[in-house]
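We did not get these values from a lab; they are worked out from the coordinates using the rules stated. Not measured: the values here are computed from a predicted model. Please note: Cβ atoms are built from the backbone with ideal geometry, for glycine as well, and neighbour counts cover all protein chains shown.
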Amino acid sequence: VGNYKRTVKRIDDGHRLCNDLMNCIHERARIEKVYAQQLTEWAKRWKQLVEKGPQYGTVERAWCAFMSEAEKVSELHLEVKGSLMNEDFEKIKNWQKEAFHKQMMGGFKETKEAEDGFRKAQKPWAKKLKEVEAAKKAYHAACKEEKLAVSRETNSKADPALNPEQLKKLQDKVERSKQDVLKTKEKYEKSLKELDNATPQYMENMEQVFEQCQQFEEKRLRFFREVLLEVQKHLDLSNVSSYKNIYRELEQNIKTADAVEDLRWFRANQGPGMSMNWPQFEEWSADLNRTLSRREKKKASDGVTLTGINQTGDQVSQPNKHSSSLSVQSNTVQSVQSSYNPFEDEEDTGSTVSEKEDNKIKNVSSYEKNQSYPTDWSDEESNNPFSSTDANGDTNPFDEDTSPAMEVRVRALYDYEGQEQDELSFKAGDELTKMENEDEQGWCKGRLDNGQVGLYPANYVEPIQ
């Protein structure tokens with residue numbers, strides 16, 4: 001009696017299992033979303049690093065194919081996340097709502113119906129079982145009383161002090177006890193027989209209610225199996241044609257990498273095959289004797305342009321026949337060139353792509369593709385037109401011969417990325433040394449702690465107190 005409660009509890013467990021399955025799918029969908037986002041971020045960051053790094057040609061395209069693969073796989077995993085939440089999750093939620101109906105007083109309608117059904121089917125039989133238990137108890141009590149009466153009668157016969165009248169009473173007690181045993185036994189057997197006769201009907205009624213609960217549970221189990229198969233299809237990307245195409249395309253892109261083609265391209269664009277611009281005689285220009293403004297620097301260089309000045313030693317001045325020469329530091333690379341000079345992008349900053357693009361990537365050290373390397377020629381020859389002081393007395397505006405008394409330590413207020421080769425790049429909070437005061441265009445000359453010298457906007461820094 002009452003063991004049907006395990007079956008009734010299974011209905012409540014079914015509702016809870018729906019919640020558990022929804023939570024399970026929701027967590028997997030969140031994982032798919034996070035993985036997709038991480039793939040996208042990884043692809044974006046590394047695509048920039050590779051494109052700005054020294055790799056070139058078909059091998060670069062093959063390398064970038066991995067980033068394209070990540071972006072496409074990211075899209076597929078976002079689709080998986082959408083399918084899990086918009087289809088599977090919602091399907092379980094709707095089925096749960098239709099299968100389980102909440103009552104005003106708490107609990108579910110299906111649970112109450114099962115409880116009432118079992119109780120109604122069990123009530124008549126439970127009543128008869130209670131009668132059997134009572135008859136059994138009465139019969140056992142009568143047997144116990146009979147045994148006690150017989151024991152007293154036996155003991156009294158051995159007692160000579162007991163008179164006949166008392167002995168008669170004990171004998172009558174034994175007789176009555178035997179009659180009570182017969183009556184209670186008969187009643188016990190009768191109630192047990194009635195219980196046995198009611199058992200088949202009881203079993204039929206109980207099984208009928210139980211079968212209804214089984215059918216309800218069968219619907220849930222079949223529905224769970226159906227949903228789990230759909231989840232499996234959504235998660236299994238191996239059967240998705242577009243997923244297979246991603247890796248087929250990736251393999252093709254890698255196989256198209258051609259070392260011979262890349263070497264040929266490098267020879268034509270960065271080696272002996274590139275177009276040359278040999279130095280030619282150029283007339284003296286008065287523009288060379290005045291400070292170059294930022295506006296003039298950004299125009300097309302029709303005349304003489306000064307690039308790639310780096311401080312590497314003490315200032316050395318050498319006399320020269322040319323009256324238009326500029327004063328520069330010793331061991332400093334300078335070049336006068338047109339827009340087609342292959343060394344015009346020469347920049348010896350030593351900065352890496354990882355420092356400019358993502359401070360979090362500390363183990364990446366790919367240099368900018370446009371970075372050129374210092375030439376081996378020396379500027380200390382006697383006929384170098386750029387190694388002596390200016391004949392007219394004017395000095396190079398980028399000359400680092402600055403009095404130490406003028407140097408002031410300043411702190412950057414904002415991030416700044418140099419737009420030209422003679423401009424500094426720094427982050428907010430970096431400290432540097434101001435070497436010259438602000439000019440009329442609003443630029444200052446300064447030196448970073450790594451020794452790099454260049455220009456920067458004056459309003460981007462503040463003096464360190």
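If you take the beta carbon distance between Ala134 and Glu204 as r and set R0 to 41 Å, what does 1/(1 + (r/R0)^6) give as a FRET efficiency, to the nearest 0.05? Could the numbers behind the result be given before it?
Details: r = 26 Å, r/R0 = 0.62.
In this case the efficiency is close to 0.95.
Would you mind calculating the gained length between Lys244 and Ala257 on full extension (0.36 nm times residue separation, minus the Cα-Cα distance), in nm to one decimal?
Result: 2.6 nm gained on full extension.
Over the range 109-209, calculate the relative contact order: mean separation of alpha carbon pairs under 8 Å at least 6 apart, over the residue count, as a percent.
Values: 65 pairs, mean separation 50.4, N = 101.
Reported as a whole number, the value is 50 percent.
What's the local net charge at Glu153, with K and R +1, D and E -1, over the other residues with C-beta under 15 Å away?
Numbers: positive: Lys147, Arg152, Lys157, Lys168, Lys169, Lys173, Arg176, Lys178; negative: Glu145, Glu146, Asp159, Glu165, Asp172, Glu175.
So the environment of Glu153 carries a net charge of +2.
Determine the gain in length on full extension of the stretch Val408-Phe224; use 0.36 nm per residue of separation and subtract their C-alpha separation, reporting nm with one decimal. Walk me through the numbers before you get to the answer.
Working: separation 184, 0.36 × 184 = 66.24 nm, distance 7.38 nm.
That pair, Val408 and Phe224, stretches by 58.9 nm at full extension.
Over the alpha-carbon set of the range 32-81, work out the extent along each principal axis and list the three values in angstrom, largest first.
37, 16, 8 Å, listed from the longest principal axis down.
What's the ranking of 202-210, 79-87 by average number of surrounding C-beta atoms within 10 Å, highest first?
Values: 202-210: 15.6, 79-87: 17.8.
Averaged packing, sorted descending, gives the order 79-87, 202-210.
In debye, nearest 20, what is the charge dipole magnitude of the range 408-465 about its Cα centre with +1 on Lys and Arg Cβ and -1 on Asp and Glu Cβ, if you could check?
280 debye
For the range 409-463, what does the relative contact order come out to in percent, with C-alpha contacts under 8 Å and a separation of six or more? Spell out each step's value before the answer.
Working: 116 pairs, mean separation 20.6, N = 55.
So the answer I get is 37 percent.
Set the Förster radius R0 to 41 Å, insert the Cβ-Cβ distance between Arg152 and Val1 as r into 1/(1 + (r/R0)^6), and round the FRET efficiency to 0.05.
Working: r = 39 Å, r/R0 = 0.96.
So the FRET efficiency works out to roughly 0.55.
Please compute the net charge surrounding Asn437, taking Lys and Arg as +1 and Asp and Glu as -1 over other residues with Cβ under 13 Å from its Cβ.
Details: positive: Lys434, Lys445; negative: Glu407, Glu436, Glu438, Asp439, Glu440.
In short, -3.
Please sort 47-53, 417-423, 163-169 by packing, taking for each peptide the average over its residues of neighbouring beta carbons within 10 angstrom, highest first. Walk me through the numbers on the way to the answer.
Numbers: 47-53: 18.4, 417-423: 14.9, 163-169: 10.0.
The densest-packed peptide leads the list: 47-53, 417-423, 163-169.
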